[in-house]
1. Could we say that residue 531 is in the same structural domain as residue 257 (by TED's automatic domain parsing), at pLDDT below 95 and basic (Lys, Arg) here?
2. Given the conditions (1) in the same structural domain as residue 281 (by TED's automatic domain parsing); (2) among the hydrophobic types (A, V, I, L, M, F, W, C); (3) crowded, with 23+ Cβ neighbours inside 10 Å, which single one is not true for residue 235?
3. Looking only at the stretch 387-403, count how many residues are in contact with a Phe, Trp or Tyr (Cβ under 7 Å, 6 or more places away or on another chain) and either within 19 Å of residue 281 (Cα to Cα) or not assigned by TED's automatic domain parsing to the domain that holds residue 284 (or both).
4. What pairs can you find where one residue is in the stretch 514-535 and at negative phi and part of a loop (DSSP other than H, G, I, E, B), the other is at pLDDT 90 or above and of a type in the set (D, E, K, R), and their Cβ atoms are less than 6 Å apart, with a gap of 6+ or different chains?
5. Taking the condition under 28 Å from the mean Cα position of the chain (by Cα), in contact (Cβ under 8 Å) with a residue 40 or more places away in the chain and in a helix (DSSP H, G or I), does residue 413 pass?
6. Is it true that residue 497 is at pLDDT 90 or above and within 27 Å of the chain's Cα centre (by Cα)?
7. State whether one or more residues within the stretch 414-428 are over 25 Å from residue 258 (Cα atoms), among the charged types (D, E, K, R) and assigned by TED's automatic domain parsing to the domain that holds residue 504.
8. Out of curiosity, is residue 85 among the acidic types (Asp, Glu), in contact with a Pro (Cβ under 6 Å, 6 or more places away or on another chain) and either surrounded by fewer than 11 Cβ atoms within 10 Å (Cβ to Cβ) or modelled with pLDDT of 65 or more (or both)?
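The values are calculated or read from the model by the stated rules, or taken from the named source; none is laboratory data. Just so it is clear, the model here is predicted, and its values are computed rather than measured. So basically every Cβ, Gly included, is an ideal-geometry build from the backbone, and we count neighbours across all protein chains shown.
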Amino acid sequence: MRKKTKKNKQTNQTSFYFEDYLETNKKSKLYKKINNFEDRIYLLFFLFFSLITIFSFKIIHVSLNQKEVLGFNNENSKFTLLRRDIVDRNGIIISRNINTYHAAIDPKLVNDKKNFLIKLRLIFPDLPINRIKQKLNTNKYFRLKTRITQNEKQQLWSLGEKAIKFEPFQARMYTHGSLFSQIIGQVDYDNYGISGIEKYFDKDLKDKRLINSPLELTLDSNIQYIISKELSEAIKTFNATGAAALLMNVNNGDIISLVSLPNFNINQRAMIKDKKFINKITKGVYELGSIFKTFTVALALENNIVKKNTVIKNIPSKIKCSIHEITDMKEHPSNLSTEEILVRSSNVGSVILAQNIGEDIFKNFIINTKLTKSPEIELEEVGTPHKLKWDKCKIETISFGHGITTTPLQATALYASITNGGNLIKPSLIKTRKKNETKKIISEETSKEITSILRKVVSSKNGTASLADKDGYYVGGKTGTAESYTNNKQRLNSFISVFPTNKPAYTLFVMLENPKINKNLVYDYRGIKTKAPHNTSGWNSVYVAGKIIEKIGPILAINNEEFSNQYVVEKFN
């Protein structure tokens, strides 16, 4: 009985332990499965977390280091100016450095060269595809196109070709294209000035201490545009080969507008060799004809040789000097006052005055005014007048503007000086320049007398410039018709005006090269409809000057309170 009981105990015990083992074993396997599953979740989570971290760091790295994606540079890259801005008198941008690109190709990164060339041809049909194909086959890095526009860059980038690279560089942009071409000039690919203001002030424009301060000019973009447009129309109207104009403040020499046509787009960086594109105002050297009569009369008055109303009697219709015979273009009365000699523009009358003035006075006047020296202006493109030889008959021909050359800039500056009270001014393009001391060339009394005579050239019935007489502006001035110094088949018709003559503020020079009579143009000549009888400056340059003054007058009046008040009083009273 005991044995049996013992056996049962053993059996039960054995059974108990057997079952306990099985249960424990099952649980152990289940736990392992659960643990493995959790490990996998942790591993996946870690992997995802790691990828997210890596991409995050990559994005931060790219953004901070501004890497190129498919050759497309980050537009927000750091930009440090290499040259200062150039602005007009009102702060309007004329010249500024911008970030731009050259497009280049790395042939090693081109997968399908044939397809690549087809894409390029579609975007840029003018590119030399055969030459590009040859370069692709060399597997050497090369430039596809220099100085591409933003639109061209976008088109190239849209191809999705990693072989296309964009090389950033700073380019000079001229916001007005051709409007200031002969004044502003250009820079080369390395941002060095090569002409115009850009060259004259090259060192100053690259000065890092001034890089955030623009170079301020005296020019007015709005007035420059108006004058340029009127001159362009005049070239068409009178079938001229060129034209030029200069607007200057008579009291301080500020050049408000300087236009020379034809001009050119300075953004295109083309090599300009044709002389027709020169700056006619500063570099052109001309005989300007009858505008010199004003200087002759001024010297006669200043040296008390005559008075304004002194009558010169028995003036011949022609006067002989050596082998030369000097005549007038039209018949004048034999007795003319000093004033009438200028108003009617008498060559013979001017010769008589000059002979009485004498060579020494004329010589000193020309030396003191530097009329036959290269002009002083903030440009290197200046002309050198021909050396003046005081041979026989020189004083006689100089008296009416022949046998002597100068630049329009110098002639206009001298007109400003003799009408501003007699103070010799130095013309300038820079607004914040150091002002120089002025010297007297004629008295204030003589200046007033000359200005009043110039007014009569425009306002009187015998004057040669009545087409410039615009209500409210009191325009005065003198015409000049001359042949080209180097080619007597070419002619120059010019007109220098001063306004308002009761208190001179501005002088305007207008010149047309080789104008022709417009047979279809009908003028309003002192209330009478008429056509041009002659191809003289009174019928073209004067006409153009009048149109210009009529359009720029309101702008000048706004910028000049004193002129504005005077204009309003005269216009509406």
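1. Yes: the conditions hold for residue 531.
2. The number of the failed condition is (3).
3. 1
4. Partner pairs satisfying both residue conditions: 522/529.
5. On the way: under 28 Å from the mean Cα position of the chain (by Cα): yes; in contact (Cβ under 8 Å) with a residue 40 or more places away in the chain: yes; in a helix (DSSP H, G or I): yes.
Against the criterion (under 28 Å from the mean Cα position of the chain (by Cα), in contact (Cβ under 8 Å) with a residue 40 or more places away in the chain and in a helix (DSSP H, G or I)), residue 413 qualifies.
6. Values: at pLDDT 90 or above: yes; within 27 Å of the chain's Cα centre (by Cα): yes.
Answer is yes for this residue.
7. So in the stretch 414-428, the residues over 25 Å from residue 258 (Cα atoms) come out as none.
Checking the stretch 414-428: not a single residue is over 25 Å from residue 258 (Cα atoms), among the charged types (D, E, K, R) and assigned by TED's automatic domain parsing to the domain that holds residue 504.
8. Details: among the acidic types (Asp, Glu): yes; in contact with a Pro (Cβ under 6 Å, 6 or more places away or on another chain): yes; either surrounded by fewer than 11 Cβ atoms within 10 Å (Cβ to Cβ) or modelled with pLDDT of 65 or more (or both): yes.
Considered against the rule, which asks whether it is among the acidic types (Asp, Glu), in contact with a Pro (Cβ under 6 Å, 6 or more places away or on another chain) and either surrounded by fewer than 11 Cβ atoms within 10 Å (Cβ to Cβ) or modelled with pLDDT of 65 or more (or both), residue 85 comes out as yes.
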